[in-house]
1. Tell me whether segment A:188-204 contains one or more residues that are part of a loop (DSSP other than H, G, I, E, B), without any contact (Cβ under 8 Å) to a residue 60 or more places away in the chain and charged (D, E, K, R).
2. Looking at segment A:239-268, which of its residues are without any contact (Cβ under 8 Å) to a residue 24 or more places away in the chain, assigned to a helix (DSSP H, G or I) and hydroxyl-bearing (S, T, Y)?
3. Select from segment B:191-228 the residues that are within 22 Å of B:N87 (Cβ to Cβ) and open to solvent by 60 Å² or more (accessible area, probe 1.4 Å) and list them in ascending order.
4. Tell me, which helices (runs of 4 or more DSSP H) lie completely within segment B:39-128 with 3 or more residues that are closer than 25 Å to B:G149 by Cβ?
5. If you scan segment A:269-289, which residues turn out to be part of a loop (DSSP other than H, G, I, E, B) and open to solvent by 40 Å² or more (accessible area, probe 1.4 Å)?
6. What tally of residues in segment B:69-92 results from selecting those that are open to solvent by 20 Å² or more (accessible area, probe 1.4 Å), more than 9 Å from every other protein chain (Cβ to nearest Cβ) and in contact (Cβ under 8 Å) with a residue 12 or more places away in the chain?
7. With the condition kept exactly as written, say whether any residue in segment B:166-177 is part of a helix (DSSP H, G or I), open to solvent by 50 Å² or more (accessible area, probe 1.4 Å) and away from chain A (no Cβ under 14 Å).
8. Hey, can you tell me all the residues within segment A:194-225 that are open to solvent by less than 10 Å² (accessible area, probe 1.4 Å) and at the interface with chain B (Cβ under 8 Å from one of its Cβ atoms)?
Amino acid sequence: MQDKIEGQSKGNIVMVTEENTMPDSRDGQSKNTIIMVTEGPSIPDPREWRIVNAWSIALVGAIVTLCCLAWFRPDPYRDILTFVPDGLAATFQVTLLSICCAVPLGLLTGLGRISRHRLINLVASTYVEVIRGIPLLVQIFYFYYALSGLLQLSRTAAAVISISFCYGAYMGEVFRAGILAISKGQTEAARSLGFNRFQTMFYVILPQAWRTILPPIGNECIAMLKDTALVSVVSMPDLMQRARSYANNTYLYFETYTVIALIYLIITLLLSKVVSIMESRLNYYDGKR
Amino acid sequence: MMEKDNAAPIISIKNVWKYFGRNAALQDVSLDIAAGERVVVIGPSGSGKSTLLRSINRLEEIDRGSILVQGQDITDHHNDINVMRRNLGMVFQQFNLFPHKTVLQNVTLAPVKLLRLSRKEAEDRAFALLKRVGISDKANVYPAQLSGGQQQRVAIARALAMQPAIMLFDEPTSALDPEMVGEVLDVMVNLAEDGMTMVCVTHEMGFARTVADRVIFMDHGQILEMGTPDRLFTAPRHPRLRQFLNQIL
């Protein structure tokens, strides 16, 4: 018996549907809630046993295509393949730094959103509202160009800060939904033993909420990796920027962007598998049927 | 007002009102419970008996009146409710075991984190309690692998691990399959025989008869009748109680 909290994605905006996150609907929720966010690649089902599925077709297809292109048309493709991956380091750097900032920020935001303290609650909610209403691209421009007189941020810093702020808000919603999905009885049991609110959250609620939260957070991280392509607009030398400069010099737009698309695809597919494996590892205490 | 003599009630509920929206769940309820007393609260669903029980450890905040536990006002925000709750063990209808922790960890979590017991001390205490409730062989499994009756017995052990002076039971057998009710009641009878102060909301009239010093009948947020189980079950005075007993017996 599993409830699903469906997330709808509009561009960058992850929304968790109303009826499952309204505070007054806390009671009836099952512990097995799955938060599904449709942004980013779909996380493969860990119980999927068939070898031929969407994930494997996409992955094998992408790898085979890339290899075939490099093998049969080495002229532009092998050249592209040696030039472009220099950007991988920057892409991963921005992604990892952003994850390190966005996940704690998301946790704080999620906790703030369910806080009974009015001011904290208001600050967190306003942050989420404001960030969700502004496109990530605009946020990147804002931190790098608009605030340049004020802050003098490096490219990396501007990229990491804008992406972290943006995804912190989305992740805050995921954390909030994941925490609210834990039945109220758990809180009551902990409180009745003498745990205070803080201890209840950290010893009882969050350890359980993790496994509901982790798949969508992993998904957000993958979406984040894809969105780092946007930072090429501030000349961050990432994968996308490398592709743009190669294409601009050679006019081989079709070839370059095909390779780039396939590289992004392979990375995200592999990462989604990693998330899927982590997810299944988290289900250790479910008991045998 | 509270003199520290032995006759002072361990729980003193005075003129308590509790509203859910416009509904008065508790209407001017007063009740004194003596140390070592076993009180069973009965009544139809929605009568406010669970609300009364949950008010005693402030899982429900009352709107008017006062509740003193061991002479301390639980509604007074100068008193640390988290410390007071250590003395009020609670067992829930839905067990509410921590699913991500093993049976042993469920029982040791609070003593280790709150009473600062060493792991060894807490585990010794836990094993003794698990033995008492008859499931010491399941110490290292997760709650999901246990039957309902076993889970509820673990929940009782978890509450006892804090060595509370009072145990509150909120319909502890209502979510159980009939064949598992007995094993949980046995544990509770055993506990009662050891002199634990118990307040128990239940529909198990057999349990009420054998264990209770006093049975309390509630309806519409009021205590309508109370007395020894013999008196209440054989010679009910209030028409609502008579009607209630006719329905369930």
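The values are calculated or read from the model by the stated rules, or taken from the named source; none is laboratory data. This structure is a prediction, so every number in the text was calculated from the model and none was measured. Neighbour counts are summed over all protein chains in view; Cβ atoms, including those assigned to glycine, are modelled from backbone coordinates with ideal geometry. Surface areas here come from the heavy atoms of the whole protein model, side chains and all, with no ligands, DNA or RNA. Shrake-Rupley method; radii C 1.70, N 1.55, O 1.52, S 1.80 Å.
1. No: zero hits.
2. Residues satisfying the conditions are A:S245, A:Y253, A:Y257.
3. Scanning segment B:191-228 gives B:E193, B:D194, B:D213.
4. Correct list: B:49-56, B:103-114.
5. A:L282, A:N283, A:Y284, A:D286, A:K288, A:R289
6. So the count comes out to 4.
7. Looking for residues that are part of a helix (DSSP H, G or I), open to solvent by 50 Å² or more (accessible area, probe 1.4 Å) and away from chain A (no Cβ under 14 Å), one finds none in segment B:166-177, hence no.
8. Residues satisfying the conditions are A:G194, A:F195, A:V204, A:Q208.
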